[in-house]
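S.K.: Next up is a structure, given as structure tokens.
The values are calculated or read from the model by the stated rules, or taken from the named source; none is laboratory data. Note that the coordinates shown come from a computational prediction; the quantities given were computed from them, not determined experimentally. Note that we place each Cβ from the backbone using ideal geometry, even for glycine, and neighbour counts take in every protein chain shown.
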Amino acid sequence: MAEHERSSLSIRAVAWPEIGPGDDLAMLLAETAALVVGDVVVVTSKVVSKAEGRIEKGSRAAVVDRESVRIVARRGESVIGETRHGLVMAAAGVDASNAPEGTVVLLPVDPDRSARRLRDRLHQQAGVNVAVLVTDTVGRAWRNGQIDLAIGCAGMDPWHELRGTLDTHGKPLTVTAPATVDEVASAADLVKGKTSGCPVAVVSGLGHLVHPAGQHGPGAAALIRDSALDMFGLGTREAAVAAALREDAVALAHFPPSTEMTDEPFVGLVSGLAGVRVISRPRVETAGIDARNRGGWHVEVGVRDGAGVTEQRHAGALVERAKVLAVAYRLEVIDDAVTSGSDHGWETVHGFSAVSP
């Protein structure tokens, strides 16, 4: 999209009545939204889910566990789960707000398909070619607060590729690819809100991004990062260990393969006390001692001679963290032993090897 193609945007909210199973969202949009060709219709996923009958009675916690293919993090009753769609969301997208008491609302089975169906029906019923986004609210790692993003998309590309173009100083852009549909979703939420009774917003001024009727684009699923490229796929240490111990194949697909020893899992494990040290190094094979010849890493945690209780406790905590990392990387802990004896002023308190199973 060239700079001269940019135009001013207008965003308006659309009020709706309570939505229930079987309601015709396309007809409701045609009657309430005053759509014109080139508009982008932004619909909250909850009303799509309600219309599709994705409402259940029962314990929210039980539904969250069922809807999660992988628990990324858990703290008390709070759960961050990966859904079958590949989305990583609080409570796996299961929501009890704006729902009858004792019920929860699940995400649409296929948000991209929901967006395509709604777009096609709008074209058939109202004769307008628009793009449709299905959105949901998410938190962000390392940031307080929530924003809306697109979990379903039809009629526009999910991102705008700028890699290979030049910036204003003539330098090539190498990683810039704005997630256009997420930006539109967040902007639309500024007028929709959460308690206004306006689950729909119409964004005008982006007609140059809307595809011809019948051409839907790759959908919002294309924005989900492949697990092999995900630098944060392990989630918390607790979640990584839990998945490894139960041999969860889906979850383990996100973990670095244990056969690749080029990246040391313990490189970030450092001591915060001067009297405690962590040493990790490639494990040297010795013929006749380890016939399995599995390579791996050797880890030692030590304290200075004469160290106090604080240092000893800190060393013990580091040992446990190192073992957790080993399990998370699908490595087996062997040669696990406590030793004593001075090594240039250091007393090794614990050492183990982590090898491929």
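S.K.: Which one of the conditions (1) modelled with pLDDT of 90 or more; (2) closer than 28 Å to I224 by Cβ does V37 fail to meet, given that it meets all the rest?
M.R.: With respect to (1) modelled with pLDDT of 90 or more; (2) closer than 28 Å to I224 by Cβ, V37 is out only on (2).
S.K.: Which condition number does Q125 fail, the rest of (1) in a helix (DSSP H, G or I); (2) of a type outside the set (A, V, I, L, M); (3) under 18 Å from W16 (Cα atoms) being met?
M.R.: All conditions pass for Q125, except number (3).
S.K.: Moving to a separate point now. Within region 29-51, restricting attention to residues that are charged (D, E, K, R) and touching a residue at least 60 places away in the same chain (Cβ under 8 Å), which residue is farthest from A154 (Cα to Cα)?
M.R.: K46
S.K.: Identify, please: which residue in region 113-145 is free of Cβ contacts under 8 Å to residues at least 40 places away in the same chain and within 21 Å of the chain's Cα centre (by Cα) and is, among those, nearest to E183 (Cα to Cα)?
M.R.: Filtering first and then ranking leaves R140.
S.K.: Ok, one more. So, restricting to strands (runs of 3 or more DSSP E) that lie completely within region 1-96, which ones have at least 2 residues that are crowded, with 18+ Cβ neighbours inside 10 Å and in the same structural domain as T180 (by TED's automatic domain parsing)?
M.R.: Answer list for region 1-96: 10-14, 40-44.
Here's the yes/no breakdown for (1) out of contact with any strand residue (DSSP E or B) (no Cβ under 6 Å at 6 or more places or on another chain); (2) loosely packed, with under 13 Cβ neighbours inside 10 Å; (3) of a type outside the set (A, V, I, L, M):
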{"site": "N98", "(1), (2), (3)": "yes, no, yes"}
{"site": "L106", "(1), (2), (3)": "yes, no, no"}
{"site": "S114", "(1), (2), (3)": "no, no, yes"}
{"site": "R117", "(1), (2), (3)": "yes, no, yes"}
{"site": "Q124", "(1), (2), (3)": "yes, yes, yes"}
{"site": "A141", "(1), (2), (3)": "yes, yes, no"}
{"site": "A150", "(1), (2), (3)": "no, no, no"}
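S.K.: Filter region 29-78 down to residues that are aliphatic (A, V, I, L, M) and touching a strand residue (DSSP E or B) at 6+ places or on another chain (Cβ under 6 Å), then give me how many there are.
M.R.: 13
S.K.: For region 140-158, which residues satisfy the criterion of being modelled with pLDDT of 90 or more and in a loop (DSSP other than H, G, I, E, B)?
M.R.: Across region 140-158, the qualifying residues are G155, M156, D157, P158.
S.K.: Just to be sure I understand the filter: pairs with C-beta atoms under 8 Å, separated by 6 or more residues or on different chains, first member in region 336-351 and in the same structural domain as R283 (by TED's automatic domain parsing), second member modelled with pLDDT under 75 and in a loop (DSSP other than H, G, I, E, B). Which pairs pass?
M.R.: Partner pairs satisfying both residue conditions: E347/S340; E347/G341; T348/S340; T348/G341; V349/S340.
Every residue, every condition in (1) modelled with pLDDT of 95 or more; (2) among the polar types (S, T, N, Q); (3) more than 13 Å from T44 (Cβ to Cβ); (4) touching a Leu at 6+ places or on another chain (Cβ under 7 Å), yes or no:
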| position | (1), (2), (3), (4) |
| --- | --- |
| T168 | no, yes, yes, no |
| P172 | no, no, yes, yes |
| T176 | no, yes, yes, yes |
| E183 | yes, no, yes, no |
| G197 | no, no, no, no |
| V210 | yes, no, yes, no |
| Q215 | yes, yes, yes, no |
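S.K.: Which of (1) farther than 27 Å from E161 by Cα; (2) under 30 Å from the mean Cα position of the chain (by Cα) is the odd one out, the single condition A33 does not satisfy?
M.R.: Unmet condition: (2).
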